[in-house]
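The values are calculated or read from the model by the stated rules, or taken from the named source; none is laboratory data. Source: prediction; values computed, not measured. Here the Cβ positions follow ideal geometry from the backbone for every residue, glycine too, while neighbour counts run over all protein chains shown. Surface areas here come from the heavy atoms of the whole protein model, side chains and all, with no ligands, DNA or RNA. Shrake-Rupley method; radii C 1.70, N 1.55, O 1.52, S 1.80 Å.
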Amino acid sequence: MKKLIYLLLTLVLIVPSVATAKTHLEKAREKAYKTKLNEYKKGKWEALGSKPIDLCLLEHYDKLGKLGSNGHEVEGIATKVQSKNVGKQMATNNAVINYGQEAGSTLQGRVIADISANGVDPTGEFENFFAAYERLVEKEIRGEMEPSFTIIRNNGDGTYEVRTYFIVEENNAQKARLRALEEAMKNSEIAAEHANKISDFVRQGFDD
C-alpha cells in the first residue's frame with residue numbers, strides 16, 4: 001500500500017513538470033515559426049510549388065517537432081540561377097555537401113581532441129581519412145534526405161536565389177554515416193586502429 005501511495009505521489013509531481021516542459025517547447029516552436037516566417041516575408045521569398053510559404057513552414061516545423069531529437073534540418077542554397085528547377089537541383093546538391101561537411105568536421109574535431117590527448121599525431125593519413133569519410137557521407141546521406149519545402153526569390157536581374165530544406169531522421173542518418181565510415185576505413189590503417197572509438201563518435205551524430 002505504501003508503495004502504491006509513493007508511486008501516485010511521484011506521478012502527481014512528475015506530470016505537471018512534463019506538461020510545463022511541453023508547453024514551453026510548443027511556445028518556443030511557435031516563436032521560431034513566426035520569426036522565420038517574418039524573415040521570409042521581409043526577404044520577399046515565395047514557396048516553390050502550389051502551397052503558400054506559411055503552410056510549408058508550418059508543416060516543416062510540425063514534422064521536426066514530432067521527430068524531436070531524431071529530426072535534423074538541412075538547408076541547401078543556390079544563388080544567381082536562371083532556371084528555378086536547375087536552382088532547386090543545385091540547392092539539393094549544396095544541402096548534401098553541407099551535411100557531409102558538418103559530419104566530417106564534427107568527427108574530425110572529436111577524433112583530434114581524443115587522439116591528441118593520447119599522444120598520437122592526428123595528421124597525415126588521418127587527414128586523408130576525414131576527406132574520404134566526408135565524401136562518402138555525401139553519397140550515403142542523399143537517399144536519407146526527405147524534401148520538405150523550397151523557397152525562391154527574384155534577384156531583380158533575371159536570376160533567382162533558391163533555398164531548399166530537408167529533414168533527416170537521425171536513426172537513418174546514423175546508419176548512413178556508419179556505412180560511410182566502414183568504407184572510409186578500408187583505405188586507412190591508422191583509422192582502423194581506432195575503429196571502436198571513431199565508431200562511437202559517428203554514432204553520436206551532431207550532439208554536443
Check your understanding: Any idea what the dipole of the chain comes to, in debye rounded to 20, about its Cα centre with Lys/Arg Cβ at +1 and Asp/Glu Cβ at -1?
Key -> 1120 debye
Point to revise | Along each principal axis, Cα extent of the chain, largest first, Å | key: 65, 55, 26
Check your understanding: Say the dipole of the chain comes from +1 at the beta carbon of Lys and Arg and -1 at that of Asp and Glu; which of Leu58, Gly143, Val202 then lies farthest toward its positive end?
Key -> Leu58
Exercise for review: Would you mind checking Lys51/Lys139; Lys27/Lys80; Lys34/Lys80; Lys66/Lys186 for any pair whose Cα atoms are more than 32 angstrom apart?
Suggested key: Lys27/Lys80; Lys66/Lys186
Study note, to complete from the structure: Most fluctuating of Ser105, Ser50, Ser69 in the GNM of the chain (C-alpha, under 10 Å) is Ser50
Check your understanding: Quick one: in the range 113-208, what % of C-alpha pairs are over 21 Å apart?
Key -> 47 percent
Revision key, fill the gap. Extension length gain for Asn98 and Gln204 (0.36 nm per residue less Cα distance), in nm, is 36.4 nm
Exercise for review: Go ahead and run the numbers for FRET between Lys44 and Leu67, Cβ-Cβ distance against an R0 of 35 Å, rounding to 0.05.
Suggested key: 0.70
Check your understanding: So how do Lys66, Lys34 rank on accessible area, 1.4 Å probe, biggest first, that is with the largest at the start?
Key -> Lys66, Lys34
Exercise for review: Show Met145, Met90 ordered by accessible area, largest first, where the area counts protein heavy atoms only and the probe is 1.4 Å.
Suggested key: Met90, Met145
